[in-house]
Structure formats: structure tokens, C-alpha cells
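Here the structure comes first, spelled out in C-alpha cells, and everything after it is commentary.
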Amino acid sequence: MRLIPLTVAWLAGLVAAAALPGRPAAPWLLLALLAAGLLMLPRLRRPLGLALVCVLLLGLGGLRMALAPAESALSSLNGLGGMTIGGAVAASPTAREAGVALLVEADSVTRAGTTQPTSGRVLVEAPAGTTAATGDRVSATGRLVRPGDGDRFSYADYLARSGVYSILTQASVQVTPADASLSPARWLANAREQAGRSIRAALPEPYAGLLMGIVLGDDSQIAPEVADAFAATGSAHILAISGFNMVIISQVVSAGLASLGLSARKTALLSIVFIGLYTAFVGAGPAIGRAALMSNLLVVAPLLRRRAYVPASVALVVLALSALDPLVLWDLGFQFSVAATLGLALFARPIGAAIDAFLVRFVAGRGLAVASALLGAPLAATLAAQITTTPLSLLSFGSLSLVLVPVNLLILPVQPAILLLGGLAVLVSALVAPLAQLLFWAALLPLAWTTAIVRAFAALPFAQVEAGISPTLATVYLLALGAAAVLSAVDPGWFGRLRRKFRRQTLVLASAGTSAVVIVLAAAVALARPDGYLHVYFLDVGHSNAVLIQTPGGAQMLVDGGRLPARLLTALGDRLPFSDDTLDVLISTQPDANEYEALAAVAERYAVPLLLTNGQPNASPGWNALLQALDDATVQPVRAGEQVALSDGVALEVLNPASAPGLGDGLDDGALVLRVRYGDVGLLLTSDLSRNAQAALATGGQLLTAAVLQAPQHGTARSLDADFLAAVRPQVVVVQAAADNRRGDPDADVLALLGERPVFRTDTAGTLHLWTDGVSLWANGERAVN
């Protein structure tokens, strides 16, 4: 009990010192020395001992914050222009839509030809495709700037919590790999990367990205729209390693070791070692470190013949982590993790008891146990966590999810299966690949369920509403809960009791579960078989072209892909069969990075035997990276008059260019124009074809008619030739544009030129799905248009 007021005093010192201008150290040092001196007096020690210790912790907390660095030697160069920074990669690189972020521990800086030693961390914004790992040496050249602040979010404060006070923008980077045999950090980074590759090779997106977040703590592969859906439904905690995940791991490991006949002491010791290795493997961030420490406390508690008192355990963890890094208190992830743990500790058990009391009115016996496990426990956990985290959500984000209770109620029961099946599959993938694939497919079922539930609820117009709370009210509320924590305790053995309830029926449940997995997988394979229709998807991947074609016989072709890999892979994973890792034909209409940059990620995820291009040479690094990724593919330039005829009746006709464009020719003049024909229905894919090239086609004598026209250049101003439109005579026009594009596409004059024709737009309807049986044509969008 004493640990809680002591921790509160320590935190008060940290917060008070942070609020003082300049963070002076002297007052806090004097306060700590005064309290320590008074503790030496016997008469004062007895009646005022705890109070004096709290004062001592208050002074030490203020002193610790005053001594925390507020800048680095490197940050003094912010805003002084270009320079070259040398150093070592300090953490796993983070893939972003527009590049790669490298956290570098700098040790040298070169300006105006002079190299000097320096110190401090810098975030290097490296180009897309940069490959580096923890421990590698880098030499990065760019502009050093101070991180900026947003309207509701301070990026500078966020980076400062990691000791970063500078960003090197638009950097060119040279990487010297570290020797993995001499660098444990590099070895762990390599192991994480290999695990990530195994997941991406076994599962389509968005499921691969989700599993990487849940098992590896790497959410960089999750598409923004998927992350937004989880945030809108109050289930974003699923996307990263949390205390929930760590508790499951610790309990499963302890149970497995105990089943081997090991003593309680050896079981606890080996469990702690395993949790420590797992924490190091995934990267010991604040939330993961807190979860690992908490799990270790729960493992050690039985050896002390007492149950871990969770509020006191949380206080110990907060004290330890804030002593190591006082800025961790301002980390939102850390705040939410601590608040959720306290909520579970204080309220999960009484809420669960109330739910069970309600359920007993309707079910009894074995049915009550099942209902409590599948309904009561997830609902109790959701409500308990929300009691403590909702004020933080309102205060930090100004929004509230109205569907978080039903969403978490539906997805929480399957999270242990995702974690255990996914983790086991990653371990097995290094030894027995076929078995690992089966385990990944088994994990795919709960992953698909989780994603489907989250997306369905996120699409509701009332899923998330704007709301706020005053800081004063939030503080009073949380302090009241903190007082309740001092008076309450929790039983941490819920997982063990749940396991014992099902132990008697382990064989039956395992058999039934295995049968269900086989049946569902078989049904999924059957549903993924070709249905005899030509399906064409105009994918919503931003202000770029990306068209997925699935023929009646099951062939799959992708035309362009934009520049956002995560969005493209998620769009493909949503529509391709989960067991299919091949794209039969990849088509790049022009060597424009806005249309092909994301295709390298596709080539890493899917086997591509054939690449069709317009034959225009290009020496850019991005284009060369794509060709390297397609090293085993046949690269075939095509010309007007050629066609690809498939056995199922689909024909791919090339209408432009008439000859291979030269290196200096305009990209849009030589863009590849394709007509996809099935029966009596044709779709004309124009890419970014220029207006001059359209006019040349219209007068060139070719038959251009098509039922569907992809508007050239996203319908931008003066992008459509009237004679070309008259020659095509489309019944439907498709516009691929981003809702937030700065050009205002599609242009009003272009829309007026289209007349009364139906216009389908990805900026309003999302991904567009058109399908035909060769006679009739159907179309819809993934979201309703108001």
C-alpha cells in the first residue's frame, strides 16, 4: 500500500519540475536533502516517516526531471541548412507511404567540408526502398530541421520522448551493414524482418499487416484506412502489443513449462526469461516494457504466496520506467496502457460478476460457463478498460466511439487465437514451411472476422462522434479512480481459471475447432473459385491509377498501382483469394512514379511472371527497383495492334503507343492504352494519356468504342479531347481521383463535357467494382454516395 503514495509523490515532482521554466535543479535538490536530513532524526522518523519519504520522493522526482535533457548537441544545428550526418541506426526502420524513417544515433556531422564529432538522435527521412537495420552505419545528407507541431498534436514533443530533437529531411542515405555476429541488435532486427517476411508471404493484406502488429508490434504495414477503422471503433489497441497480449503469452508459457513437471521456481524463472527475450525481440517500447514488467510480476507473485496487487504493481512499474525516462509520462500509449490495466484491475471482476448474475436468469449449468466466457468476460473487460481510458480519449483526441462495446465484444474472444496461432506459425516457419502455412491460414479466420467486424461498424455514420472534456474534470475523475485503486484489489488468475474450465473438454474442443477450421477454409476456397464473370476493380489508392482485372477463368491482372504500397496491398488482399500468391500479368502503362511506385511492394508479395510496358526507357532509382523486384519476370514491351487473348474469351487489346517512346518523349504521350473486351462489352483504360495523343487516336482510324471509359489524367482540367470522347462513345465513365487532391479533379468542364453519362468516382464511392457476363454490365462502389 505504501508504494502507491510514494509513486504519486515521485510523479508529482516530475510534473511540477516539467512545468517550471528552465527546469532548475537546485530547488528539488534542496528539498530532497532536507527530507533526507529529517528522516535521520529519530523523533521525526516515527510519526512522520511516510510523509517525509513522500517529500523525499517529491524532491527526487523534480531533480530527475530537471536533469533530463531538453536538447542535444546536434539540435543546435537545426535550421542551418544542408549537412551530412554519420551514425548508427538505433531502432528498426519504419516504412512510410512516402519513404523510410530511420532513427539514427549521430556521432559526426559534416558541414562545408568540415567534419566534427557530435551527439544526439535524429530522425532521417530516407527515400522509399532504403534498406537498413538496427546497428547499421549510415551516412545521410539532407536539411536538418526542428520537428513541427500540428493543431492537436505536437510532433516535436512526441519525438522528444525518444530523445529526438532534429529531423533530416529529403535525405540521401548510404548504408553500411553491421556484422550480425557482433551486433545482437542487428541479429534481433534480422529475426524480426524474417518474421515479417514470413507473415507477408503467407497472408494477404490487410491480414498480414494486422498480424505483424499483433505478434511483432510492427504496425507500419497497416493501411491508413484500416487503422482509421480500428480507431473509429475503439479497437486500436488490437493493432499493437499490449498488456492483454503479454498476459496471454506469460500465462501460456507458464502453463506449458509447468506441464513439463518443472518446479514453480524454475517455471517462473524460465517464464521471465522468455518474456524478456520476446520483449527484446519485438522492441521494448514504453507500453511493451510496462506489459512485460506487469506480466513478470504476475508470474513471480505465486512464489511469494500472495496474489499480485495490481494497483501497487502498476505503481512500481510506473516508478521504474519514469525513473529511467521521465518523459515516458507524456507518452499517450503509456498513459492508455496504465489506465487500461488499472481499469481491468478495479472493475473487470465486479462487472463480470454482475454480467454473470444477469446471464444466470437465462442460462444455467454448462451454458452459463460458455456464455460467461464468450459474452461476459469480453464485455466486462471492454467496459472496465473504458471506465479509465475514456477521459484520456476525450482529452487527447476529442472524439468518442459509440460502437466500441459491441465491436470489442465481438472481436476480443478471438484475439488469443490470433496471437497464439500467429506466433506459433512464425516460429514454425523457420523449420517447416508447409506446417507454418497451415497455421497462418488457421490464424486467417479470426483475423478476417476481426477485420470484417471492425470495417462493418466503422462504416456506420454514428460510429464515432466529436466530444471533449475539460482537463480539470478529467484530472478529478482519474484521481478519484486512483483513490479507489488504493482500496481495491484484483485476482490476476482469470486466465488460469478459464483454462481449467475448458481442460476437461480439451480433446472435444480441439477436434471441433480443427474441423471448423477445415470446413471454413474449404468454403473460402470454394467461394474464391472463378464465377464466369469478368470483374474489373478501379481501386481507391489515392490520386493514381490502379485497376485489378479478374477474368472468368480466374486469371488476375493489375494495371498500374499508384504510389501508396500499404493501400494497394490492402486493396488487393481484400479482393484476391487468400490462398493465391500470384498475379498473372502486371502492366505498367508509363514509367511515372505516381503510377508504378507501389508495384515493387506487389512484386515482393506476389509472384509475377509477366510485366507489360510501353517500352519507354527510364533510369530513375524507383523504376530500377521495380525491375529488380521483378528479376524473374519476363518484361515485354507492347505496341498498338498487339493483343493478349485468353482461353476464357477475354482479350486485352493495345491501342497506344504505335512505337516505343524515347527517353526524352513525354510520359503521357506514350502512355499504354488498353481495351479489355469480353463478349460485347469493352472497357477502355487510358492511364494518363495526353490530350494530343487522344486526338491522334481519334483521327487514326482505329476502332475505339467501349462501354466503359477510364477518364484520362483523373479528369483534370483540359485533359479530355472531345473527338476522342465521341469516338469511344462510352456508356459509363470512371474517374480515379483522391478526395483531397489539390488540383480539384475531376474538373467541372471535363464533367460538363461528359454530359448525361453516368460518372463513377473513387473520391466519392471508394473502390469501384464493374462486372459483366459479356452482355450486361453491372457496377457499384464500396461506399454509398450521398
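Worth a mention:
- Count - residues of region 186-221 that are modelled with pLDDT under 80, among the hydrophobic types (A, V, I, L, M, F, W, C) and buried (at least 24 other Cβ atoms within 10 Å of the Cβ): 1
- Top-ranked residue of region 320-348 - restricted to ones that are open to solvent by 60 Å² or more (accessible area, probe 1.4 Å) and at pLDDT 75 or above, ranked as nearest to GLY61 (Cα to Cα): LEU324
- Selection status of ALA645, under 36 Å from the mean Cα position of the chain (by Cα) and of a type in the set (Gly, Ala, Ser): no
- Single residue of region 593-611 satisfying the filter (in a loop (DSSP other than H, G, I, E, B) and in contact (Cβ under 8 Å) with a residue 40 or more places away in the chain) that is nearest to the chain's Cα centre (by Cα): ALA598
- Helices (runs of 4 or more DSSP H) completely within region 1-114 that count 3 or more residues being among the basic types (Lys, Arg) and at pLDDT below 85: 42-67
- Filter result for ARG563 (of a type in the set (Lys, Arg), closer than 11 Å to SER544 by Cα and out of contact with any Phe, Trp or Tyr (no Cβ under 7 Å at 6 or more places or on another chain)): yes
- Unique residue being at pLDDT below 90 and more than 17 Å from TYR537 (Cα to Cα) when the list is GLY573, GLY664: GLY664
- Put simply, of ALA726, ALA717, ALA711, ALA695 the only residue that is over 39 Å from the mean Cα position of the chain (by Cα), open to solvent by less than 50 Å² (accessible area, probe 1.4 Å) and among the aliphatic types (A, V, I, L, M) is ALA695.
- Within the set LEU655, LEU663, LEU683, LEU672, the sole residue that is aliphatic (A, V, I, L, M) and touching a helix residue (DSSP H, G or I) at 6+ places or on another chain (Cβ under 7 Å) turns out to be LEU655.
- Pairs are defined by a Cβ separation below 6 Å, a sequence spacing of at least 6 or placement on different chains, a first member in region 695-717 that is farther than 29 Å from GLY542 by Cβ, and a second member that is small (Gly, Ala, Ser) and open to solvent by less than 40 Å² (accessible area, probe 1.4 Å); the pairs so defined are ALA698/ALA727.
- Check on VAL124, in contact with a Leu (Cβ under 7 Å, 6 or more places away or on another chain) and either open to solvent by 40 Å² or more (accessible area, probe 1.4 Å) or among the aliphatic types (A, V, I, L, M) (or both): yes
- Whichever residue in region 580-600 is within 14 Å of LEU548 (Cα to Cα) and among the charged types (D, E, K, R) and, among such residues, is surrounded by the most Cβ atoms within 10 Å (Cβ to Cβ): GLU595
- Yes/no for ARG529 being open to solvent by 60 Å² or more (accessible area, probe 1.4 Å), modelled with pLDDT under 90 and within 30 Å of TYR596 (Cα to Cα): yes
- Which numbered condition PRO461 fails, given (1) part of a loop (DSSP other than H, G, I, E, B); (2) under 30 Å from MET212 (Cβ atoms): (2)
- Count - residues of region 612-633 that are outside any helix (DSSP H, G or I) and open to solvent by 30 Å² or more (accessible area, probe 1.4 Å): 6
- Take the conditions (1) closer than 29 Å to PRO661 by Cα; (2) in contact with a helix residue (DSSP H, G or I) (Cβ under 7 Å, 6 or more places away or on another chain); (3) open to solvent by 10 Å² or more (accessible area, probe 1.4 Å); (4) among the β-branched types (Val, Ile, Thr); VAL733 misses just one of them, which is (3).
The values are calculated or read from the model by the stated rules, or taken from the named source; none is laboratory data. All values reported here derive from a predicted model rather than from experimental measurement. FYI the Cβ positions are ideal-geometry reconstructions off the backbone, even for glycines, and counts take in every protein chain you see. Ligands, DNA and RNA are stripped out before the accessible areas are found, and what is left, the full protein with its side chains, is counted by its heavy atoms. Shrake-Rupley method; radii C 1.70, N 1.55, O 1.52, S 1.80 Å.
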